[in-house]
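Contents: one structure, followed by commentary.
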Amino acid sequence: MSGSVRTLVSPAVLARPRGRAAYWTVFTGVVGLFTLAFLFPVYWMVTGATKPPDEVARTPPTLVPESWSTAGYADAWELMQLPTHLWNTVVQAAGAWIFQLVFCTAAAYALSRLRPAFGGLILGGILATLMVPAQALVVPKYLTVADLGLLNDPLAIWLPAVANAFNLYLLKRFFDQLPRDVLEAAEIDGAGRLRTLWSIVLPMSRPVLGVVSIFALVAVWQDFLWPLMVFSDTGKQPISVALVQLSQNIQLTVLIAAMVIASIPMVALFLVFQRHIVAGISAGSTKG
């Protein structure tokens, strides 16, 4: 019976009408509860922006808006200057993603395949930075950025994002598990180290590159403290900072609408690349 599959419900029970009905009832109920737990907060936020201000603050709250209005979204788009701040966020996130992908990939490839002297010691030092709280590095980073004159400059976001020990280690572990015979065949054919990286390693590493890309983009998109410190110019602030800075005299429904709009890009990014995320995580856990 080595080929049999163990399940919580035996095939004999599923063969009976009553057992099959009980199974699908429990299955549907569990799936429905999880769906409700994940989607209800999204529904509550989206519909909250369509309610009048007095209805949002009402106790007990209304599950379905009594009067629907999309004016909150239009006001949020205009009053909170969302196009400007969303574009600032896109520029900062895209630059940090490109810098991090290039430098982390190069460093991981060097540590994994080029075998430099004291490579293990270097990797250990890089991983040791994960033990340092991020808050402890804020002041040194700020003083460095200020000395270089990079305040109110996207480089203040891009350059610190390069040093991401977690993503570097993730890439290195994936490169370690690539088939050695494929890389050796490329070397026999005369491919150099850079050509092997570009033509062999990177195409085979699309799943983990997708995961690293998601981590890099989300980290910049949701960051608040560091952009708040380095961007004193309101016109250059990302959406995470602008929502707080501009919410002083804004109605609650308009603020909720702005939060909904600000979350759309990341939700869309996840929905588009969810297959790559799952593939990258499963590839990293099953290879070798």
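The values are calculated or read from the model by the stated rules, or taken from the named source; none is laboratory data. The model shown is predicted, which means the values in this text are computed figures rather than measured ones. Here Cβ is always computed from backbone atoms with ideal geometry, including for glycine, and neighbour counts include all displayed protein chains. Ligands, DNA and RNA are stripped out before the accessible areas are found, and what is left, the full protein with its side chains, is counted by its heavy atoms. Shrake-Rupley method; radii C 1.70, N 1.55, O 1.52, S 1.80 Å.
What is the percent carbon and sulfur in the accessible area of the chain, measuring with a 1.4 Å probe over the protein chains and ignoring ligands? Reported share for carbon and sulfur atoms: 69 percent. With every protein chain in place and a 1.4 angstrom probe, the accessible-area ranking of VAL102, VAL220, largest first, reads VAL102, VAL220. With R₀ set to 45 Å, the beta-carbon distance separating ALA15 from VAL46 gives a calculated FRET efficiency near 0.55.
Of all the options TYR43, TYR169, TYR109, the one that moves most in a Gaussian network model of the chain with Cα springs shorter than 10 angstrom is TYR43.
Calculated accessible area for the range 12-130 comes out at 63 Å² per residue, all protein chains present (probe 1.4 Å; ligands, DNA, RNA ignored). Need one word for the range 3-113: rounded, prolate or oblate. Basis is the Cα gyration tensor (sqrt eigenvalues a ≥ b ≥ c); a/c below 1.5 gives rounded, then a/b vs b/c decides. Judged from the Cα gyration tensor, the range 3-113 comes out oblate (a/c at least 1.5, b/c at or above a/b). Of the residues ILE264, ILE239, ILE157, the one that moves most in a GNM of the chain with alpha-carbon contacts below 10 Å is ILE264.
Please label the shape of the chain as rounded, prolate or oblate, based on the square roots a ≥ b ≥ c of the eigenvalues of the alpha-carbon gyration tensor (a/c under 1.5 means rounded; beyond that, a/b larger than b/c means prolate, else oblate). Here the chain falls in the oblate category. About its Cα centre, the range 50-175 has a charge dipole of approximately 940 debye under the convention of +1 per Lys or Arg Cβ and -1 per Asp or Glu Cβ, with nothing else charged.
Can you tell me, using C-alpha contacts under 8 Å and at least 6 residues apart, the relative contact order of the range 47-96 as a whole percent? About 31 percent, as a whole number.
Of the DSSP H helices in the chain, those with a Cα length along their own long axis of 15 Å or more and a mean Kyte-Doolittle hydropathy reaching 1.0 comprise 206-222, 252-286. The alpha-carbon of LYS172 sits under 19 angstrom from the alpha-carbons of these aspartates and glutamates, leaving out residues fewer than 8 places away in its chain: ASP181, GLU184. Positive-end ranking of LEU63, LEU168, PRO154 along the dipole of the chain, with charges on Cβ about the Cα centre, is headed by LEU168. You can think of it this way: the chain between THR84 and TYR23 has 16.8 nm of extra reach, that is 0.36 nm per residue less the Cα-Cα gap. Compared with the alpha-carbon gap, the fully stretched path from LEU225 to THR70 is longer by 52.7 nm at 0.36 nm per residue.
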